[in-house]
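Read the structure below first, then the notes.
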Amino acid sequence: MTFVPDDFDASKWESIEPYVNDLLERELSCSNCLEELIADSSNLAEHISETGALLYINMTCDTEDEGKKNAFLSFVENIRPKLSKFSDELNRRIVNHKSIGDMPPRYDLMIRGIKSDIEIFREENIPLGVEQTKLVTKAQGITGAMTVDFDGKERTFPEMRGFLESNDRIQRESAWKSMVKRWMENSDELSDIFDELITIRHKIALNSGFKSYTNYMFRAMHRFDYTVEDCLTFHKSIEEVCMPIVKKINSERCTSFDLKILSPWDVNEKSGSGPDIAGKNPLRPFDNVDEMVTKLSELFHNMSNDLGTKFDKLVEMDTLDLETRKGKAPGGYQYYLEKSRIPFIFMNAAGLQGDLETMIHESGHAFHSLYCGHLDLIDERDYPIEFAEVASMSMELLTQPNWNIFYEKQEDANRAKISHLEGVVFLLPWIATIDAFQHWIYANPGHTREERKIQWISLRERFGSEMNWEGHEDFRELSWQQQGHLFGVPFYYVEYGIAQLGALQLWQTHRKNPEKALKDYSNAMELGNTKTLPDLFAAAELKLGFDEKHLQSLIGEVEVAMSEIKN
Ligand SMILES: [Zn+2]
């Protein structure tokens, strides 16, 4: 018998409350009472997590339905604040119990996390958190509603992406300019929201007894195994190792376009993508979602029976919503349904190479969830984000030798591989920019907008592509606004860079010995959240390090791989 019945409705506080009271009030005098308490609270948490997940999934699959949106918002506004107060009380109950010292080692990491959560929890921060969520939702509303009239039609920003890769430079330029013009209409409002968010966040940190929001967030995000200094070292390594290659790739682009200097509509600063330098049409790896799914099944079976079977299981369980349609939220994600232990994948596939990469990425997250689904407690399956992205980003690289399944011509498969590898090199400096920007912002919470602009531009000079911004300086100074993480999930970004370090090492192994790499992958993924981040890296035989030499050895191999494909 589970603590909570299977048909339990976790969307109402009235139904959750009796279980919460039981957990907070039951007598804990027997020898394994504490373990039972943890198991029962995990069971309750699985139900609540799954309810939240389904409400979120329903909303993103159908954004035009007000009822679905309100159901999700009501969960966020009514259930979550009550839950955070309850969690704190339960946390205190657990660590203050007299037999906490006798708990088996299995609980060590969990207890470390609980102690840290207790240390930062303050009841007066709960309303500030709600205030923060409202501001973030407001910012998302503003950017999500942005459309432009272009080429005879009203178009959303994701729809405009296609024009930015057009081979017609005049069309690219006018697409880019129309998007920038639209963005600038709301840029002041977005800056106002961001100012408010900084004030709230700094206050949350002070309330919790921290000098800065940075230190507070390192605790809140359970960053126990790397420091602010490690992040700064990582930025420096990225600058030294990646920037010369970024410059080289950009100069090749310049030469083939016959330009002296690139303009912002010639290359995407973040991904390095843009129109094909040989003037070819965008790649089309598949025509429809069924074709993508069938071919991916073949691809994963080619790699290993284990991955193939896991992928087929995702298809059988029918928890995929993959094709793009009106009313669907943009982007892609994997959401694990904790009670059913089923991964759900959401994306907007329109037949592009980027869509294929997204699906492979999200499949990597789903594999991770399936590998660790055998672990009992929700906390044991709640793998750290830095490692979650190893599961997904490494899959993008490890599948490359099989991308030919999607292309009849070898040269098209090669184009896809080169552009993906270039993307790896471009993304790291962007990660460094966003991370360094956040470190500066929260170390200087009283800064003016003018100072913020200067800081952003200096980081873009350090980590960005050389471009001609003449006439668009005002947009450049505010282009950080386009990175939604800065609003919605502060400090969450360096994780992608840390994970890429792991993903690239797995890929290095895979180039020599595919079987070993996949074994290393599953060995580590099976551990879920039961080991520290360095131990998870070690379980996959990966090194966790931020120094230049280490990064050089990884990016050096990316360069080798690119030249192998080109020759
Ligand atoms: Zn991911």
Looking at this model, which pairs from 236/543; 203/531; 181/280; 134/453 are more than 21 angstrom apart at the alpha-carbon?
-> 203/531; 181/280; 134/453
Using alpha carbons only, how many degrees (0 to 90, rounded to 10) separate the axis of helix 289-303 from the longest principal axis of the chain?
-> 80
Mean ellipticity per residue at 222 nm, deg cm²/dmol - from DSSP H runs of n ≥ 4 across the chain, formula -39500 (n - 2.57) | -21500 deg cm²/dmol
Length gained, residue 443-residue 404, 0.36 nm per residue minus C-alpha separation, equals 9.3 nm
If you find the alpha carbon centre of region 181-257 and of region 462-498, how far apart are they in angstrom?
-> 8
Could you state the angle between the C-alpha long axis of helix 169-207 and the longest principal axis of the C-alpha atoms of the chain, as a value from 0 to 90 degrees rounded to the nearest 10?
-> 30
How much accessible area per residue does region 13-121 have, in Å², with a 1.4 Å probe?
-> 49
Spherically averaged projected area of the chain from its Cα convex hull (nm²) = 25.7
Solvent-accessible area, 1.4 Å probe, carbon plus sulfur percent, for region 386-511 | 45
With a probe of 1.4 Å, find how much accessible area region 169-323 has per residue, and write the answer as a whole number in Å².
-> 48
For region 278-426, Rg(Cα) over 2.2 N^0.38 Å is 1.05
Carbon plus sulfur fraction of accessible area for region 13-121, probe 1.4 Å, in percent = 50
Mean 1/r over distinct Cα pairs of region 13-121, inverted to a Kirkwood Rh in Å, yields 15.6
What's the center-to-center distance, using Cα atoms, between region 49-66 and region 341-400 in Å?
-> 20
Counting only DSSP beta bridges fully inside the chain, the antiparallel percentage to nearest 5 is 70
Dipole size in debye (nearest 20) for the chain around its Cα centre, Lys and Arg Cβ +1, Asp and Glu Cβ -1?
-> 1100
With Cα coordinates, the longest principal axis of the chain makes an angle with the long axis of helix 548-566, in degrees rounded to 10, of 50
Starting with the highest mean, order 350-362, 273-285 by the number of other Cβ atoms within 10 Å, averaged over the residues of each peptide.
-> 350-362, 273-285
For labels at residue 1 and residue 317 in the simple 7 Å Cα→Cβ model, what's the distance in nm?
-> 2.9
Built amide H within the under 5 Å cut-off of residue 150, gap 5+ = 155
Excluding ligands, DNA and RNA, the carbon-plus-sulfur percentage of the accessible area of region 330-375 with a 1.4 Å probe reads 57
Considering only protein heavy atoms, with the full assembly of protein chains and a 1.4 angstrom probe, order 363, 458 by accessible area, largest first.
-> 458, 363
With labels modelled as points extended 7 Å from the Cα through the Cβ direction, what inter-label distance (nm, one decimal) is found for residue 457 paired with residue 189?
-> 2.7
Mean separation of Cα pairs under 8 Å and 6+ residues apart, divided by the residue count of the chain: what relative contact order is that in percent?
-> 17
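The values are calculated or read from the model by the stated rules, or taken from the named source; none is laboratory data. Quantities reported herein were computed from a predicted structural model and do not represent experimental measurements. Cβ atoms come from the backbone with ideal geometry, glycine included; neighbour counts cover every protein chain shown. Just the protein is used for accessible areas: all its heavy atoms, side chains included, with ligands, DNA and RNA removed. Shrake-Rupley method; radii C 1.70, N 1.55, O 1.52, S 1.80 Å.
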